Amino acid sequence: MKTITAILAVLIAVVFVVGAAMAVPGGKTVEFAGGDQGKVTFDGKTHADKGNKCNDCHPKIFQMKKGSVKITKADHVPGKFCGTCHDGTKAFAQDEANCTKCHKK
């Protein structure tokens, strides 16, 4: 029984270490190609400073695997991907007036 408990503890630790290695660490950013509109830089600290937690979006809205989501202009709607929060109520809307808040040429 002790052996099974030890193996289980090691497996759980490995899962947490691998998950943390894939996350955006404090003070770091992730850049996404933004097409014609310019790249999008996601800053986890900016979102955390607003009271958000990683598991608010991961893995419910966004998978942790890099490249698993391709967001198009058609995806910029309330309730989908970033629009889950960026709907004009919880956070600024994804409308033409706000494009440059995320997209930088």
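The values are calculated or read from the model by the stated rules, or taken from the named source; none is laboratory data. Values in this document were obtained by computation on a predicted structure and should not be read as measured data. Note: ideal-geometry Cβ built from the backbone for every residue, glycine included; neighbour counts use all protein chains shown.
Scan the range 79-105 for residues that are part of a loop (DSSP other than H, G, I, E, B) and either in contact with a Ser or Thr (Cβ under 7 Å, 6 or more places away or on another chain) or closer than 12 Å to Gly34 by Cβ (or both) and report the count.
Taking the range 79-105 first, the residues part of a loop (DSSP other than H, G, I, E, B) are 79-80, 85-95, 105.
Then keep just the ones that are either in contact with a Ser or Thr (Cβ under 7 Å, 6 or more places away or on another chain) or closer than 12 Å to Gly34 by Cβ (or both); that gives 105.
Qualifying residue count, the range 79-105: 1.
Taken over the range 79-100, residues that are surrounded by 10 or more Cβ atoms within 10 Å (Cβ to Cβ), farther than 21 Å from Asp56 by Cβ and not β-branched (Val, Ile, Thr) amount to 2. Check whether at least one residue in the range 43-60 is surrounded by 10 or more Cβ atoms within 10 Å (Cβ to Cβ), under 20 Å from Lys105 (Cα atoms), modelled with pLDDT of 90 or more and of a type in the set (A, V, I, L, M, F, W, C), and report yes or no. The answer is no; no qualifying residue exists. Just a yes or no: is a residue in the range 61-78 in a helix (DSSP H, G or I), within 15 Å of the chain's Cα centre (by Cα), surrounded by 15 or more Cβ atoms within 10 Å (Cβ to Cβ) and not charged (D, E, K, R)? Within the range 61-78, not a single residue is in a helix (DSSP H, G or I), within 15 Å of the chain's Cα centre (by Cα), surrounded by 15 or more Cβ atoms within 10 Å (Cβ to Cβ) and not charged (D, E, K, R).
Of all the criteria given as (1) surrounded by 12 or more Cβ atoms within 10 Å (Cβ to Cβ); (2) under 11 Å from the mean Cα position of the chain (by Cα); (3) in contact (Cβ under 8 Å) with a residue 24 or more places away in the chain, the one not satisfied by His103 is (2). State whether one or more residues within the range 6-20 are part of a helix (DSSP H, G or I) and modelled with pLDDT of 85 or more. No, the range 6-20 contains no residue that is part of a helix (DSSP H, G or I) and modelled with pLDDT of 85 or more.
When Val40 is tested against the conditions (1) within 10 Å of the chain's Cα centre (by Cα); (2) modelled with pLDDT of 90 or more; (3) surrounded by 10 or more Cβ atoms within 10 Å (Cβ to Cβ), the lone failure is (1).
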